[in-house]
Each structure stands twice: as structure tokens, then as C-alpha cells.
1. Considering only Gly149, Gly40, Gly94, give the residue with the highest GNM mean-square fluctuation for the chain, with springs between Cα atoms whenever their separation is below 10 Å.
2. What whole-number distance in Å separates the alpha-carbon centres of the range 259-314 and the range 81-126?
3. Mind jotting down the three principal axis lengths of the range 1-95 based on Cα atoms? Whole angstrom, largest first.
4. Please give, to one decimal in nm, the separation of the simple spin-label points placed at Val3 and Arg166, each 7 Å out from Cα toward the Cβ.
5. Which peptide among 265-272, 395-402, 18-25 comes first, and what is the full order, when sorted by highest mean count of other Cβ atoms within 10 Å?
6. Using the per-residue mean of other Cβ atoms lying within 10 Å as a proxy for protection, in what order, highest first, do the peptides 358-368, 179-189, 317-327 fall?
7. Based on the Kirkwood radius over alpha-carbon pairs, what is the Stokes-Einstein translational diffusion coefficient of the range 160-305 at 37 °C with 0.692 mPa s viscosity, in µm²/s?
8. Sorting check: for 376-389, 114-127, 329-342, 197-210, which peptide has the highest mean count of neighbouring beta carbons within 10 Å, and how do the rest follow?
Amino acid sequence: MSVLTSALARVDPDELVALTRDLIRLPSVVRPGDPASTEGAVAAHVEQWLRREGLDVEIQPVAPGRPNVVAVLADRAAGPTLLLEGHTDVVTEGDPAQWSHPPFGADLVDGRIYGRGAADMKSGLAAAMIAAAALKRSGARLHGRLVVGALVDEEGDMLGAKHLARTPLGRELTAAIICEPEQNELCLEQRGVVWARVTARGRMAHGAMPEAGVNPIAALAALVHEAPRLERRLRALCARSRYLRPPTVTPTVITAPVRGVPQSNVIPAVAQATLDVRLTPGPDEVAVAKEIDEACRRAADACPGASVDWEPVNGFRLATRVDRQEPLVRAMARAVRRATGRAPRYGGVPGSTDGTILRMELGIPIVTCGPGNRLIPHQVDEYVEVGELVDAARIYVASALAYLAP
């Protein structure tokens, strides 16, 4: 029996389904102001499970009640270090009455597991854990290290990924598989994101006498009018992608006044808007910032007396791209064929993941590949197909062996 066959035989579908359901049943919506509503319970479950399987586990406190759990399987310290990365937080379930299945019930119906985080991304995390355990149980020899990272705060500020990138183990990573829901495609690109918080400043006045003030809301209206032009200019800068939609600029939040009580008869002094700017590979931070600067300048010119400036919320996350000839990509392409009997399908990630941080901070190649329909996250009745879940775990086993082959 080959090493791969032996390791794949240790992927138990029933165990994988049970672990996924256990993780879903532990709510991990982060609710600011509620110290009990964090990733803590899921992190504790992940830690106990991985320790029981005999992996070396490291707990990295990131914020109160919010630890990264990082486990290592290694035969040799020398050689490459591959990360299987998942996150433990999930987005809000919204109104539970809108769900056909309880959002944290983890119902198994007709080959699907339902619940918040079923696809995004407790199934991917469970598949990574089972893959590492299968390799451990099989006694497979690895030339290097396999790391499973269960990180916090991906749905927020990506604090967990940023923290990992600053640790000694993080700096030793040579490649990462991001286990996000992408229908098990090998996603070689992902869009970047800049949340541009634009602040317009005017002069407060009575709503009946607008000539006595300067209305910053008018400046924001001019900015929104500029958004399509900004989008066109960014599209001209960015490379055309085979897998991703072109860049987009979407106004998402408008607030006025920024402080104080809103009143119908008062022109506020300050107003703010957020532009959700999505990018494909190409321009650097300076080039993108220059285009947003120009949009703000034009908006200010359209509203004499107002000033318009901006700052990035949580910094820049530039688009990422890896080449098909990267050793990780080639290893995963072979792995998909061996684990599933199918040819690999390639794609791109429409949003942004922890992989963006790892790529930018560490410069390592990343491939996003995980179970779940990419359109289902953040919706009611979120689910994952059991067949995709099992295939993901098998792909991770085969990828680790191919990348870390002695």
C-alpha cells in the first residue's frame, strides 16, 4: 500500500462530518461588548481535539478570549513548512426566524450540513484538522512541517493572520493553503480590498439658510458621483484577470453628522462615507492611493469651501496572484487528481481572505481551496455538501504529501 493510499484511508467521512457539526454548534459570532461572544469556545475545542491526536499545539493569545490555535506535525525541522489555514469566527446569523434550519443546529439533511459557518468556514477547518490527523495516524514521513492554523478575526480586522505572520513559526512558513469555500477549485488569484473612509468637512449652519454654511453632504454626493470614474481609472491600471471580476468601487456607508445628534434643520459640519474598493492584481499601494486622492480632489472642487480627504480602514489588502508553476500549485494539481480522480479546476476568490495578509506580510505563495459554494457564505441557510467536505480533506492530505515529499 502506498503512503498516499494509507493516509487517504485514514480520512473517515463520518468523523469528518461529526467534527464539522461539533464546530458549527459552538457559536463564534464576535459581538463587541459581550466578552462571552468570541471564538474562545471553538478554539478550546480545536485545541483539545488536536492535542488528542498527538500534534504539537501552540496557543497564541491575540485579544482577550480570542486565541489562535496552531498545531504542527513534523518529522524534520529542515525542509518546507506548509500551512493549512482556517478561521474560527463567523458572521452574524441575523434573524434566526428566517432560517429553515437552526443557525447553530448543524442539521444534516440530504447530504448537506446546515448552519452559520458550515461553509465559511468550519467545514474547511475541520477538513484541515482531519487531514493532519490522517497523516499522523498513517505514519507518513514528511520532509518538513505541516501546520494547521485556526485563526481568529478573519471576518473583522484579520488580527489572527497578522499575529501569526509576526511569530517565529509564521516567518518560517513557505506556503499556505487557505481552506475557504471555493468549491475545491484551486484559486490562484484573489481580489484586493481598500475600504476608503472619506471625510468631508464643511461649516455648520441652519437648514433654512444654507448660504450661511458649507454642506459636507453635498461634497459626499459629488464623491459618490465620482465613484464610476474612479472605478474606470482603476480598471485601466489593473491587469485583466482570467478568474476575477474587474475592479469595483461601491459606496457602502454614509454618516452625517459624524458626532452629535442629527437634526432635520441643521447642516452638519462633518460627514463621512466609505467606498468599498475591490482590486485585481497590478497596481501598488501608491498608485491606488493616488487615484482615490484624485477622486476626493474632484469632489472638493465641486463643493467650494468643503475639504475632502480619506484614510484606509485596516490598511491596504492588495490583490494576490500565484503562478501555475509554483511548487505548491503543481503539488496541489497532482493532489486533486490523486485524491478525487478528477482534473483540477482553477479559479479566483471574489473577496479577500487571511491569505491576503500572509501573501503581503510573508511573501509566500497561497492557494485558496476549500469545500462549499462560494456564493453561500453570509446568507441564511448556509450549508456545505458532505461530498465536497470529504474531497477537501482528501485533497489536503494529498497536497501535504506532494509538497512535503521526502
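Readers should treat all values here as calculations from the given coordinates under stated rules, not as data from a laboratory. Note that this is a predicted model, so its numbers are computed, not measured. For neighbour counting, all protein chains shown are included, and Cβ atoms are generated from backbone atoms with ideal geometry for every residue, glycine included.
1. Looking only at Gly149, Gly40, Gly94, the largest GNM fluctuation is found for Gly94.
2. That distance is 36 Å.
3. 53, 32, 20
4. Taking the simple label geometry, Val3 and Arg166 are separated by 3.7 nm.
5. 395-402, 18-25, 265-272
6. 179-189, 358-368, 317-327
7. Once the numbers are plugged in, D ends up at 183 µm²/s.
8. The peptides rank, most packed first, as 114-127, 376-389, 329-342, 197-210.
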